[in-house]
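A.B. asks: Structure below; questions to follow.
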Amino acid sequence: MLLACLAIVTTGCQSTAFTRLGMPVPVTKQGQVTLAMWQGSWIAAWCVGIVVWGGILWAIIFHRKRGDQLPRQVRYNLPIEILYTVLPFIMVGVMFYFTARDEDYITRLPAHPDLTVNVIGMQWTWQFQYPHYKTPNSSLGYPVVTEVGQMWQPGLPMNQQHLPLLVIPEHETVEFNLTSIDVIHSFWVPPFEFKRDVIPDFTNRFAVTPIATGSWIGNCTELCGVYHSRMLFRIKIVTPAQFTAWIHKQQAQQTTPGGVR
Ligand SMILES: [Cu+2]
């Protein structure tokens, strides 16, 4: 059993679809912790399952009814009753400890994030604002770099969709401030291994540190109306240099020269 557990843990480093147990490859430090938690929970569940199933099989095989005489009764057996009580407490305690430890890490907010992105959810698309990158007299009507887009259009190939684009740099702490202008949505990037509700009149926050570059599709994951399933966005994780180039290009494009809109 221990060998099997060890095999799962060690092959987990190579991160195959099997050892990730259905989870995507994590692209943030926080996502790695979530994945490890998920794998650890499975190992713990299997260990408990093997002991319980073993006990059931042992009872079935070695304690079959062999006559009309009642077997020796074990009620009021204090050691066994203490074991019944203490063991579940220990199991819950271990699960609680690891859950609390990982949740604390995953939801921790940096005092000084390298980048802040305001995420605004609306039926049925997203807006991404970069509050530290100003755009005086913006042609879009926003004083900061703002990415807008459209919800997914049926029949259009993915590369012709005008989904809103979220760009963030690798290896930097990125804090998201989530708000909604209408109903409750939920911000989900599957390879973050994390989702958080986007609520009207309330700002939800979380932070990630990306560890891989690439491009993915993010979703709304709270049923928010008739076109909820089309509420997609594109997310790109790029190198810090690429990010700086991109954000300056957005600033230039979204700033109206001469101060006239
Ligand atoms: Cu939504």
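A.B. asks: Between M151, M91, M37, where does the largest GNM mean-square fluctuation fall for the chain, given springs only between Cα atoms within less than 10 Å?
C.D. replies: M91
A.B. asks: In addition: At each listed q (0.10, 0.16 Å⁻¹), what is the log10 of I(q)/I(0) that the Debye formula gives for the range 10-163 modelled as equal alpha-carbon point scatterers?
C.D. replies: Taking Cα atoms of the range 10-163 as identical point scatterers yields -0.71, -1.14.
A.B. asks: Now for a separate question. Under a Cβ-only charge scheme (Lys and Arg +1, Asp and Glu -1), can you give me the dipole magnitude of the range 115-259 about the Cα centre, in debye to the nearest 20?
C.D. replies: So the dipole magnitude of the range 115-259 works out to roughly 280 debye.
A.B. asks: To continue, here is another question. Hey, got the Cα dimensions of the range 121-187 along the principal axes, in Å, largest first?
C.D. replies: 37, 28, 28
A.B. asks: If you don't mind, there's one more thing I want to ask. What does the highest-first list of 52-58, 154-160 look like by mean Cβ count within 10 Å?
C.D. replies: For the peptides 52-58, 154-160, the packing ranking is 52-58, 154-160.
A.B. asks: Shifting gears a bit: Looking at the chain as a GNM with Cα springs under 10 Å, which of L109, L70, L178 has the largest mean-square fluctuation?
C.D. replies: Of L109, L70, L178, the Gaussian network model singles out L70 as fluctuating most.
A.B. asks: Show log10 I(q)/I(0) for the chain at q = 0.07, 0.17 Å⁻¹, two decimals, from a solvent-free Debye sum over equal Cα scatterers.
C.D. replies: Log10 I(q)/I(0), no solvent term: -0.39, -1.36.
A.B. asks: Still on this structure, please answer the following. Which whole-Hz couplings ³J(HN,Hα) result when phi for each residue of the range 124-135 is put into the Karplus expression 6.51 cos²θ - 1.76 cosθ + 1.60, θ = phi - 60°, listed in order with x for Gly and Pro?
C.D. replies: Values, residue by residue: 9, 8, 10, 10, 10, 10, 10, x, 8, 10, 6, 9 Hz.
A.B. asks: Right, another one. Angle, helix 78-106 long axis vs. longest principal axis of the chain, Cα atoms, 0 to 90°, nearest 10?
C.D. replies: Helix 78-106 and the main axis of the chain meet at about 10 degrees.
A.B. asks: Which shape class applies to the range 115-259: rounded if a/c is under 1.5, otherwise prolate when a/b exceeds b/c and oblate if not, where a ≥ b ≥ c are the square roots of the Cα gyration tensor eigenvalues?
C.D. replies: Cα axes put the range 115-259 in the rounded bin.
A.B. asks: To the nearest 10 degrees, how steep is helix 2-12 against the longest Cα principal axis of the chain, on a 0 to 90 scale?
C.D. replies: Taking the Cα atoms of the chain, the angle to 2-12 is about 10 degrees.
A.B. asks: Within the set of other residues whose C-beta is less than 15 Å from the C-beta of K195, count the net charge using Lys and Arg as +1 and Asp and Glu as -1. Could you put the intermediate results ahead of the total?
C.D. replies: On the way: positive: R196, R205; negative: E103, E193, D197, E222.
Here the count lands on -2.
A.B. asks: Consider all pairwise Cα distances in the range 189-253 and report the whole-number % of them above 19 Å. Don't skip to the end; give the middle numbers.
C.D. replies: Working: 1022 of 2080 pairs.
Taking all Cα-Cα pairs of the range 189-253, the fraction more than 19 Å apart is 49 percent.
Laboratory data are not the source of any read-out in this text; all were calculated from the coordinates shown. Quantities reported herein were computed from a predicted structural model and do not represent experimental measurements. Note: ideal-geometry Cβ built from the backbone for every residue, glycine included; neighbour counts use all protein chains shown.
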